Amino acid sequence: MSEAQQRYWRYGGQAVIEGVMMRSPRYFAIACRAPDGSLVVHSEPLTNTLIGKLQFLNRPFLRGILMLIDALALGIKSLHFSSQVQLQGNPHGKPMPRSVQDIAIGTSAAFGLGLGILLFFVLPTLLTDWLKREGWGSLEQNLLDGLLRIAIFLGYIGLIGFMPDIYRVFQYHGAEHKAINALEEGFPVTVEHAQAQTRLHPRCGTSFVLLVLIVSILVFALLGRPPAYIRIPMHLALLPLIASLVYEVIRLAGMFRSGWLTRVLLAPGLWSQYLTTREPSRDQIEVAVAALREVMALEEGFAPARQEKGAECREHAGSGG
């Protein structure tokens with residue numbers, strides 16, 4: 001890995017509503033396409049994040065859990081901003097008060113968490129418990145539990161990808177990867193260079209979730225088959241530890257992504273990204289490039305981050321390349 005790649009490998013991002021959020025070690029920036037076609041850019045320092053406040057916990061096998069919490073909080077904040085951009089630019093839309101929208105987003109997140117527990121833990125348990133009467137041992141039941149979780153996960157994201165709004169988010173997800181891949185390959189961060197890159201990336205959240213599910217199969221298979229009311233809470237309690245381990249593996253993989261062993265280990269996660277990314281349009285890549293260039297300028301120059309509210313900061317379309 002070149003010196004430039006070592007400097008940039010910690011950049012990451014997330015697709016939001018008609019836009020992309022990019023983050024660096026010290027800043028984050030959101031770029032969104034407004035309904036009138038203009039490009040809205042907002043940036044802030046990361047000093048208010050959990051990692052920023054608890055730097056002493058930013059250590060191997062601790063930072064993974066903190067980064068998950070941080071990513072969730074920053075993702076909710078980015079979604080709030082992107083939704084406000086769409087409403088403010090829509091003559092038929094009326095922005096909701098911040099408190100109301102926070103409650104709505106929080107309720108959706110809580111519902112999603114509950115649905116995830118139901119789909120990925122309760123349902124596989126109910127489907128495999130009856131196999132004990134058929135003579136299956138606990139190891140076989142646990143292995144089938146894990147395989148069902150992976151099948152449900154892949155099936156779920158595959159199905160929602162056909163929804164038009166989710167399809168567009170997946171396109172921005174692909175644009176985010178292309179922009180970061182251009183940076184990490186040592187190219188100038190322009191629309192043209194980003195277009196030439198793959199829409200897959202080893203540090204993607206999709207890869208992370210799939211690898212967590214795969215590793216959890218191996219861990220849970222060794223824990224026997226206690227009653228469901230014990231087994232499900234125990235598995236949930238172990239997930240943060242498994243996620244922290246997987247985070248460190250993916251972190252290293254991002255630094256040594258050209259090695260054949262890394263490619264083999266990360267291949268399942270990369271294949272799963274064909275479900276959660278789509279080939280983006282040039283306009284969508286322009287949005288991702290704008291967000292990445294904004295956060296790069298802040299990170300490299302340590303300039304004060306902009307603190308715009310709503311959609312006040314606008315850059316006209318065509319400025320990203």
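Where a number appears in this text, it was derived from the coordinates with a stated rule and is not lab data. Remember, predicted model here, so these are calculated numbers, not experimental data. As a convention, Cβ positions derive from the backbone with ideal geometry for all residues, glycine included, and neighbour counts pool all protein chains shown.
Annotation: amide H of Phe28 within the under-5 Å range of Glu44, Leu46, sequence separation 5 or more or interchain, hydrogens built in the peptide plane. For Ser216, the shell of other residues with beta-carbons less than 14 Å away shows a net charge of +1, using +1 for Lys and Arg and -1 for Asp and Glu.
At 0.36 nm per residue, minus the direct Cα-Cα distance, what do Tyr274 and Leu147 gain on full extension? Give it in nm, one decimal, please.
Values: separation 127, 0.36 × 127 = 45.72 nm, distance 1.94 nm.
Computed gain between Tyr274 and Leu147 is 43.8 nm.
The modelled label-to-label distance between Ser281 and Glu140, using points 7 Å beyond Cα along the C-beta direction, is 5.3 nm. For Val246, neighbours were defined as the other residues whose beta-carbon sits under 14 Å from its Cβ, and their charges (Lys and Arg +1, Asp and Glu -1) total +2. Calculation over all alpha carbon pairs of segment 131-281 in 10 angstrom steps from 0 returns a P(r) of 10, 32, 31, 18, 7, 2, 0 percent.
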